[in-house]
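Right, one structure below, let's go through it.
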Amino acid sequence: MRLSQMLFVTLREDPAEAEIPSHKLLLRAGYIRRIGSGIYAYLPLMWRVLQKVSTIVREEMNATGAQECLLPQLQPAELWKESGRWDTYTKAEGIMFALTDRQKRELGLGPTHEEIITAIAKDTIRSYRQLPLNIYQIQTKFRDEIRPRFGLMRGREFIMKDAYSFSADEESLAKIYQAMDGAYRNIFTRTGLAFRAVEADSGAIGGSASQEFMILAEAGEDEVLYTEDGKYAANVEKAISFPPDIEASPFKKYEKRETPGTETIEKLCKFLKCSPTAVVKNVLYEAIYDNGTTVLVLVHIRGDQDVNEVKLQNELVGLAPQYKAKTLLALRVPDESAQQKWAANPLPLGYIAPDLSDEYINSVKDVASKFLRLADKTVVDLKNFVTGANESGYHVVGANWEKEFKLPKLVLDIRKARPGDRAIHNNAQTLQSARGIEVGHIFQLGTTYSVAMGATYTNEQGEEMPLIMGCYGIGVSRLAQAAVEQSYDKDGIVWPVAIAPYHAIVVVPNISDKEQMEVAQKLYNELNIAGIECLLDDRDERAGVKFKDADLIGIPYRIVTGRSLKQGKVEVVERASKQSQEIKIEEVVTHLKTQINAILKG
Ligand code: ATP
Ligand code: MG
């Protein structure tokens, strides 16, 4: 492609809208254009990158025996009502764009495709003989993200590869899951990215395996906790660990103390001269279930620890039947206006005790009349602890479970693991923290969707059984930007060769120099014929501008038809290392071919 004929516009300045390097660079180098919040156009260079990523994904998926298809983006509400996700996706999380057509039928724009594929499986799979199956597509997804940001990293319209597998038994599901794990490792290795596979939250279903693939980068929105021995890595949402040891409480006697202005643990511990590990902290949440019931949740947790809201949410979904609900719509810390709805009296915030009376809850319709009291495991062994006195400005010290306070029946792990905690598999290992960009997720779904939607098959014994499912996603457009986040320098993008939009760019310093143009044209043609995807910068621009642009757009090799032509040579510069070599004109094709093939073969 000739730059003189391309839609090619680069910016000298960093665009104000971009915060992270990869977003700035993709905008500056003319790969993407913002059309609206979380909505981007992929310009020709970007589209080539996306197609390269897609090709690698497709090759590795096909190699596992998965089959490609294309599913509709317009999805009838009925299917989402069957699976029970319509309300959560349109109301609670509100992540699905929903619309009503001219016949007054409700539809959603696909944020994901479990419902569609399960409906197809229900229609087409009859017998165990048709199993297992793994079907995938590479397509645009729509999600009304609360905070679209960082360009393609969190868009409202983005490209995903999503695969769905159907098996007759758990063993087959595990086998496909393994195959997907392998395919994902190949994909991320081939795209030239440094990644880490981590244990991931599987939601409330529990038990089922789930793994995320993280591209390690400072700008990542996810926190990964891992151990140096390489034996443990998990998303912080899921991570488990041993908490730090308890420091014994200095209080021997149970008594109420005046503790003015100590509404935070830090102030309290300073005032009482005790360790936060001697404190029971009581955190109030408001859980809203899908049947409209609000439940007030009081969590007891050790003073130095924090609640992991993902773990808490999963537990609350599990408790839904207790409130005659199916699922949880929202979990939040109630603000003042929320409290007004149900609080009979102003709550002693910052001074709450485990036995906060249920009388604080007004009898209002749709509000459970009793607190749901949950204890995190960290409070069970505390002796002579400090906790609130249910009175502003007062705490109690020297308290004990089953003496002054009752330990709730529900004792759970709802604590957030932290860097520095000791690892469960080996307590000599401590958890380390890294930032990651989630580019892939593989998940053993089980029978949740097939049971809800009645997708069954007949087994060898002639019995009707629900299909056992798995789902496997890759954020294709997010991955492309993550590659930039991992590979750039002060001059611009440094694409890994495998996903660069072009392998090489031939730069003509002066287009009115006949010899420079002739050699450049010849090399450009020969390189393309040899399968080296090549750009030709034949624009009427200063040489300096062209070199800057070539660096900015990050093409792996630059060939300059400049001064060395006199010796029958051209300059070949490697983008990543900036190393420059003068190479005989007739050797350029072989030279680059050898280099590129060596890199692609890895
Ligand atoms: P996240 O936690 O980042 O919101 P998710 O867990 O909701 O993502 P999945 O439903 O697992 O995402 O989707 C599969 C993949 O699609 C993710 O691993 C990610 O790479 C990509 N993805 C998800 N949401 C977006 C988005 N808004 N923009 C770009 N890519 C996305
Ligand atoms: Mg995910």
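The values are calculated or read from the model by the stated rules, or taken from the named source; none is laboratory data. Keep in mind that this is a model prediction, so the values were computed, not measured. Glycine gets a Cβ as well: all are built from the backbone with ideal geometry, and neighbour counts include every protein chain shown.
So the values come out like this:
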item: Number of the condition not met by Gln322 [criteria: (1) free of Cβ contacts under 8 Å to residues at least 24 places away in the same chain; (2) under 30 Å from Glu223 (Cα atoms)]; result: (2)
item: Any hit, segment 196-219, residues being under 30 Å from Ala63 (Cα atoms), surrounded by fewer than 16 Cβ atoms within 10 Å (Cβ to Cβ) and not small (Gly, Ala, Ser); result: no
item: The lone exception for Ala168 - which of (1) more than 12 Å from ligand 1 (Cβ to nearest atom); (2) among the aliphatic types (A, V, I, L, M); (3) buried (at least 18 other Cβ atoms within 10 Å of the Cβ); (4) within 26 Å of the chain's Cα centre (by Cα) it fails; result: (4)
item: Test: residue in segment 298-308 that is surrounded by fewer than 17 Cβ atoms within 10 Å (Cβ to Cβ), in a strand (DSSP E or B) and touching a residue at least 24 places away in the same chain (Cβ under 8 Å); result: no
item: Scope segment 129-163; condition near ligand 1 (Cβ under 10 Å from one of its atoms) and touching a Phe, Trp or Tyr at 6+ places or on another chain (Cβ under 8 Å); matching residues; result: Lys141, Phe142, Arg143, Asp144, Gly151, Leu152, Gly155, Arg156, Glu157, Lys161, Asp162
item: In segment 150-192, the residues that are away from ligand 2 (no atom under 16 Å from the Cβ) and among the basic types (Lys, Arg); result: Arg156, Lys175, Arg185, Arg190
item: Helices (runs of 4 or more DSSP H) fully within segment 1-101 counting 1 or more residues that are at pLDDT below 95 and assigned by TED's automatic domain parsing to the domain that holds Met517; result: none
item: In segment 351-383, the residues that are part of a loop (DSSP other than H, G, I, E, B) and closer than 15 Å to His300 by Cβ; result: Tyr351, Ile352, Ala353, Pro354, Asp355, Leu356, Phe371, Val380, Asp381, Leu382, Lys383
item: Lone qualifier among Ala325, Ala330 - being of a type in the set (A, V, I, L, M, F, W, C) and assigned to a loop (DSSP other than H, G, I, E, B); result: Ala325
item: Any hit, segment 179-197, residues being among the hydroxyl-bearing types (Ser, Thr, Tyr) and within 14 Å of ligand 1 (Cβ to nearest atom); result: yes
item: Candidate set: segment 457-487, residues that are assigned to a strand (DSSP E or B), in contact with a Ser or Thr (Cβ under 7 Å, 6 or more places away or on another chain) and in contact (Cβ under 8 Å) with a residue 12 or more places away in the chain; chosen: the one nearest to ligand 1 (Cβ to nearest atom); result: Gly470
item: Unique residue being under 20 Å from Pro509 (Cβ atoms), surrounded by fewer than 18 Cβ atoms within 10 Å (Cβ to Cβ) and out of contact with any Pro (no Cβ under 7 Å at 6 or more places or on another chain) when the list is Asn597, Asn525; result: Asn525
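Matching residues to (1) over 30 Å from Arg12 (Cβ atoms); (2) outside any strand (DSSP E or B); (3) of a type in the set (Phe, Trp, Tyr); (4) in contact with a strand residue (DSSP E or B) (Cβ under 8 Å, 6 or more places away or on another chain):
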| position | (1), (2), (3), (4) |
| --- | --- |
| Pro509 | no, yes, no, yes |
| Leu552 | no, yes, no, yes |
| Glu571 | no, no, no, yes |
| Lys578 | no, yes, no, no |
| Leu592 | no, yes, no, yes |
| Asn597 | yes, yes, no, no |
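Okay, residues lined up against (1) away from ligand 2 (no atom under 16 Å from the Cβ); (2) closer than 28 Å to Cys274 by Cβ; (3) surrounded by 15 or more Cβ atoms within 10 Å (Cβ to Cβ):
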position: Trp401; (1), (2), (3): yes, yes, yes
position: Glu404; (1), (2), (3): yes, yes, yes
position: Lys416; (1), (2), (3): yes, yes, yes
position: Asn426; (1), (2), (3): yes, no, no
position: Ala452; (1), (2), (3): yes, no, yes
position: Gly462; (1), (2), (3): yes, no, no
position: Gly473; (1), (2), (3): no, no, yes
